[in-house]
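Heads up: the structure comes next, in structure tokens.
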Amino acid sequence: MSAPFLHVENLGIQFGPTDNPLKAVDGISFDLAAGETLAVVGESGSGKSVTALALTRLLATPPARYVSGKIEFEGRNMLTIPEDELRKVRGKQIAYIFQEPSSSLNPVFTIGFQIQEAIELHRPEVRDVRGEIVCALERVGIRQPAERLGDYPHQLSGGMQQRVMIAMALACQPKLLVADEPTTALDVTIQKQIMDLLKELKQTSNMTVLLITHNFGLVADFADRVLVMFRGRIVESGPTAEVLRNPQHPYTRALIECVPKLGQKQRRLKVIDYAGIE
Amino acid sequence: MTTYILRRLLLIIPTLFGITLLTFLLVRLAPGNAALLKGGGGEGGGRAMTAEQRLATIKLYGLDKPPLVAYVDWVGRIARLDLGESWIDHRSVTAKIGERIGLTASIAGSALVLSYLIAIPLGVTAALRRGQGIDRVLTFILFLLYSIPNFAAALLLILFVAGGDYLNLLPMYGINSINASEMGTWGWIWDRILHMILPVVCLTYASLASISRYARVSMLEVLGQDFLRTARAKGLSERVVILRHALRNALIPLITIFTLELPVLIGGSVIIETIFSLPGMGQLMLQSLENRDNPTIMGITVLAALVTLGSYLIADILYVVVDPRMKYE
Amino acid sequence: MSTNPPVITNETYAHRVARRFQADAFARNGLRMVIFLFILATLAPFLANSHALIRVTDGQTSFPIFLSLDPIEWRFLIYVPLGGVVYLLRRRLLTHWRIALCLVVAVIALVEIVLAYSHPINDPTNDRDRAASFKLLPPIPYSPIETTRDQFAPPSWKHPCGTDSTGRDIAARMLHGARTSLSIGFVSQSIALFIGIVLGGLAGYYRGWTDIAVCRFIEIMDCFPSLLLILVIIGIFESQNNMFVIMAVIGFTSWTGVARLVRAEFLRLSVQPFTLAAQAIGATDLRVILRHLLPNSLGPILVVGTFGVASAILIESSLSFLGFGMQAPTPSWGDILNESRRYIDFAWWLAFFPGLAILITIMSYNFVGEGLRDAVDPRLRLK
């Protein structure tokens, strides 16, 4: 068998003082096959976003420190390859969507320019850059894309901004899309639209997707497999349906119970009992 | 944006009113002018005034009229750029200012441009190396520069590099050497540049220090923004991320900083032009103050206030033009 | 992930500010320097004086220095112990602060009245040449206004900072000049703080037309370059060399920064729940402002006040330098620099030492201000 698409082994990332470090990611390992959709679920601070950013060394060092392990993407260790090689992976092979679209887009450049930057960098062969940008915007469901090219991010709604982020991420046809809490900052109705869009794009382009979320509700009909992270470690993993049906770890159970279900009356929101978990 | 600019222009009216009223009150209350009415005083720099000049001054400030009428008259005169006649040489104040304003504007202007040009790279460098040695050293040096009074700096520079017992690299006083007219065009220009170095340096360093401190803070704020992560995730090189994505954002707040520096530069040019004997507006101001030449003093004061007001207006409009977030609100 | 439990202490806000301030080396040393300058300024008559501290002649012991002090010098000496007494009794006084205030005002008034009627004993002679069986001279045995035949003496053991064109000792002039600078800095900033707090507070609390009017007023004042406006007022009213007018003029022209800040703070604080709560139980506007808003904006006010003292000192020395501030014989740093202009090609010490003194003073205040700002409110951090 050839090298796996993405292979993470014993990854350790720390912040803070070396003598009393904050272990954001504490020796995690997982594999991701091409075409697969993996969801990483956990509460804020569980290390899931740090893991996502670490895939292309996007964490600033300092304050972060990569203390152990390796991240092999198509056989190359992302933690050790030189910076200029890495830049060819970023955006081209592995693209990102972030949590807060309004602050993730540069306020002083038009959305057209911000997409253009990515295309010009990774696909120099494209002649009709403008047409390509229009195409990318169209794909994410932005109406009259040609007229929106000159718009600045703040002129768009949050949902539209996130669509632009997705268009930008997909403009270079990446092999892996890392969606880091793509819907957390959006209204519930918009969340649904964005998730539907991602699902549709995933199917049409046969992309591998790594979805980072704290919301089990999003995972059910989106991901093939689930990883549950708690305090920097993976506490449970497995096929989505199985984990949802029969959660093993008390933390997973608690997380699943946090999702309010339709047609079910709840007196108050579940609070996670950490003492019971540890 | 048009409504914003219109609203901004409307807000100028009360300020203009206030500026003219304040200067008018100063004139009315000035003991020298009050003495004129009584027929005495009016000794412009020890020179007795003729009855004719006394009448002209009374007319200029409407000293014999009720305050309100006099004020309206005074505003009308300012609007027509009629600032009266100097008590010293009886020339029109407008003309006197006119022949000196160019030098002051060019010195203060070059100081402002220079301080921006040097300050921004310094501030950005310090921000990028936050907390490291170079940041600490830069911060300390800028703090030191910021705290040196410009007159002390001017004197010490003259002492150590222009004449004095030490180096004699640069000319000490004036805008040109005595024999400058014999030097030919290029020689003359070079001579002028040599004479301008020290005054410009003395006006520049304090503005430089304060602008680069602002630049550093502004850059630090931008460096923590999410969109830089997006730019890096796209695969852009660190150079492009910093110089294009970060810098563009960091520069926007710096546009308005020059309005803070302008009054300092105007005040500074009084000191610097006096020390270096430069025939600019600042020197004229001090001479007029020493000679109690009230029309000239008031003329320069009104002008300085109007220039500052104009700079506020320009800064506010520039801000809207440069920041796309403001454009469509 | 290792969790660090939140640290709960009963540390007060003031203590936290003090601790953060202490952690900043620049701020700490700046404050030390400021205190040192104050001590120097207070003790100036004892550090630089032509009269002996103690003199024993013909078996008779006398203290000539005390006979030679001016009323203004006595005042300086009395305020410092007064401040110390108030500080030591602060806990007892705080509970009866009205009584304390009355006491302080009464003592100050008494001192002023007594000093107004007492006349200085003018003793032009000096004790350096006077024969005595024992005499203890101050470290710098020259008074600031005393001329000697030693003109343009470069720095030496005798005159550590040299002498000027009339043979006055520069070190003595600088020590006494520190009093001029510091008192002008403090008094003018007190005036500026008062005006700024009142106007800014009114604008921030009442909003609406009051706010618009105050903001226009601030903009009008800001349009005049402050040094220019101060020069014009002092020049037109011919009040150079009048310390109180200079203090007042600097104060009346440098309140806009304080007003802006207080306005912004009051705008922010007046919609906070605790203000609304106070208003809801029927507290008067004055009570809300004095008890709730003002104490909560004291930190930032202190910060602008500190920077303000630095800029007032700079303005004062600029005025003296241009000949519109305090002038000889009153010692002032700016005035020494002004005189140095004529002799700049050889008498470097005339420019160097007072320039250095101004630099150190302003820098210390700026360090203290910067440290205070960081300690008071990390949001305002400029570092």
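In degrees between 0 and 90, to the nearest 10, how far off the longest principal axis of chain B does helix B:67-79 point, with axes built from Cα atoms? Value to nearest ten degrees: 60.
The relative contact order of chain B comes to 24 percent, based on Cα pairs under 8 Å that sit 6 or more residues apart.
Overall, the accessible surface of the protein assembly as shown at a probe of 1.4 angstrom is composed of carbon and sulfur to the extent of 62 percent.
Tell me the mean residue ellipticity at 222 nm calculated for the protein assembly as shown from its helices only (DSSP H runs of n ≥ 4, each -39500 (n - 2.57), averaged over every residue, nearest 500). Provide the component values of the computation, followed by the final result.
Values: 41 runs with 582 residues, N = 990.
About -19000 deg cm²/dmol.
The charge dipole of the protein assembly as shown, taken about the Cα centre with unit charges on the Cβ atoms of Lys, Arg (+1) and Asp, Glu (-1), comes to about 1920 debye, rounded to the nearest 20. When chain A is treated as a Gaussian network with alpha carbon springs shorter than 10 Å, the biggest mean-square fluctuation among A:ILE212, A:ILE142, A:ILE234 belongs to A:ILE142.
Taking amide H as placed 1.01 Å from N in the peptide plane, the amide H of A:THR37 sits under 5 Å from that of A:VAL209, A:ASP224, A:ARG225, each at least 5 places away or on another chain. Ordered by 1.4 Å accessible area with all protein chains kept, B:TYR61, B:TYR214, B:TYR71 run largest first as B:TYR214, B:TYR71, B:TYR61. Computed over chain B with a Gaussian network model linking Cα atoms closer than 10 Å, the most mobile of B:GLY184, B:GLY299, B:GLY102 is B:GLY184.
Just tell me the longest site-free run in chain C, where the sites are chymotrypsin sites (Phe, Trp or Tyr not before Pro) in a DSSP loop having at most 15 other beta-carbon atoms within 10 Å.
Details: sites that count: C:PHE152, C:TRP157, C:PHE346.
Counting only loop sites that pass the neighbour cut-off, the longest clear stretch is C:158-345.
For segment B:54-125, the set of trypsin sites (Lys or Arg not before Pro) satisfying both a DSSP loop assignment and a count of at most 11 other C-beta atoms within 10 Å is given as B:ARG80.
Shown in residue order for segment A:219-230 are the 3J(HN,Hα) couplings computed by the Karplus curve 6.51 cos²θ - 1.76 cosθ + 1.60 at θ = phi - 60°: 6, 3, 9, 10, 9, 7, 10, 10, 10, 10, 10, 9 Hz (x for Gly and Pro). Shape class for segment B:171-243: oblate, because the ratio a/c of the largest to smallest gyration tensor axis (alpha-carbon atoms, square roots of eigenvalues) is 1.5 or more and b/c is at least a/b. Solvent-accessible surface, computed for protein heavy atoms with a probe of 1.4 Å, shrinks by 30 Å² or more for the following residues of segment C:336-360 when the other protein chains are added to the isolated chain: C:LEU337, C:ARG341, C:ILE344, C:ASP345, C:TRP348, C:PHE352, C:LEU359.
Remark: spin-label model distance A:VAL67-A:SER205 equals 3.7 nm, labels positioned 7 Å along the Cα→Cβ axis. A Gaussian network model of chain B, with springs between Cα atoms under 10 Å, assigns the largest mean-square fluctuation among B:ILE193, B:ILE252, B:ILE88 to B:ILE193. Computed about its Cα centre, the charge dipole of segment B:111-219 is approximately 600 debye, with only Lys, Arg, Asp and Glu carrying charge at their Cβ. Taking a point 7 Å from the Cα of B:ILE314 along the Cα-to-Cβ direction, the residues of segment B:264-281 with backbone N closer than 20 Å to it are B:264-270, B:280-281. Computed from the Cβ-Cβ distance with R0 of 22 Å, the FRET efficiency linking A:ARG233 to A:ASP19 stands at 0.55.
A 1.4 Å probe run over the protein assembly as shown, with the rest of the protein chains in place, finds 47 Å² accessible per residue. Between C:ASP345 and A:GLU120, the modelled label-to-label distance comes to 6.0 nm, taking each label 7 Å out from Cα in the direction of the beta carbon.
In degrees, nearest 10, range 0 to 90: what is the angle between the Cα axis of helix B:93-128 and the longest Cα principal axis of chain B? Once rounded, the angle reads 20 degrees.
Residues whose amide H lies under 5 Å from that of A:ASP151, counting only those 5 or more places away or on a different chain, are A:ILE111, A:GLY112; hydrogens are built 1.01 Å from N in the peptide plane. Coupling constants for segment C:361-374 follow from the phi torsions by the Karplus curve (6.51 cos²θ - 1.76 cosθ + 1.60, θ = phi - 60°), and in residue order they are 4, 5, 5, 4, 4, 5, 5, 4, x, 5, x, 4, 4, 5 Hz; glycine and proline get x.
Only four residue types carry charge here, +1 at the Cβ of Lys and Arg and -1 at the Cβ of Asp and Glu. Report the dipole size of chain A about the Cα centre in Debye, rounded to the nearest 20. Kindly include the intermediate steps, with their values, before the conclusion.
Details: 31 positive and 32 negative charges, 99 e Å.
Dipole size: approximately 480 debye.
Full extension of the chain segment joining B:LEU63 with B:ARG192 gains 42.0 nm, where the gain is 0.36 nm per residue of separation less the Cα-Cα distance. Inter-chain neighbour count for B:246-256: the average number of beta-carbon atoms from partner chains within 10 Å of each residue's beta-carbon is 1. The label point for C:LEU88 and the one for B:SER181, both projected 7 Å from the Cα toward the Cβ, are 7.6 nm apart. When the Cα positions of A:SER46, C:ALA27, C:ILE362 are compared along the charge dipole of the protein assembly as shown, A:SER46 comes out farthest toward the positive end, with charges on each C-beta of Lys, Arg, Asp and Glu. Near the amide H of A:VAL67, within less than 5 Å, lie the amide hydrogens of A:GLY12, A:ILE13, A:GLN14, all on another chain or at least 5 residues away, with H placed in the peptide plane. Rounded to the nearest 10 degrees, the inclination of helix A:129-139 to the longest alpha-carbon principal axis of chain A is 40 degrees. Each Cα pair under 8 Å and six or more residues apart adds its sequence gap; the mean of these over the residue count of chain A is a relative contact order of 24 percent. Cα gyration tensor of segment B:269-310, axes a ≥ b ≥ c as square roots of the eigenvalues: rounded (a/c below 1.5), prolate (a/b > b/c) or oblate? The shape class here is oblate. Taking a ≥ b ≥ c as the square roots of the eigenvalues of the Cα gyration tensor, segment A:1-119 is oblate, since a/c reaches 1.5 or more and a/b is not larger than b/c.
Candidates B:LEU309, B:LEU112, B:VAL217 compared by Cα position along the dipole of segment B:102-322: farthest toward the positive end lies B:VAL217, with charges placed on Cβ. Per-residue mean of foreign Cβ neighbours for C:230-241 is 5 (Cβ atoms of other chains, 10 Å radius).
On average, how many beta carbons from a partner chain sit within 10 Å of the beta carbon of a residue in C:314-321? The partial results should precede the final answer.
Numbers: counts 6, 2, 0, 3, 8, 0, 1, 9.
Per-residue shielding by partner chains comes out at 4.
The values are calculated or read from the model by the stated rules, or taken from the named source; none is laboratory data. Nothing here was measured: the structure is a model prediction, and the numbers come from that model. Cβ atoms come from the backbone with ideal geometry, glycine included; neighbour counts cover every protein chain shown. Side chains are part of the model used for accessible areas, which takes the heavy atoms of the whole protein and leaves out ligands, DNA and RNA. Shrake-Rupley method; radii C 1.70, N 1.55, O 1.52, S 1.80 Å.
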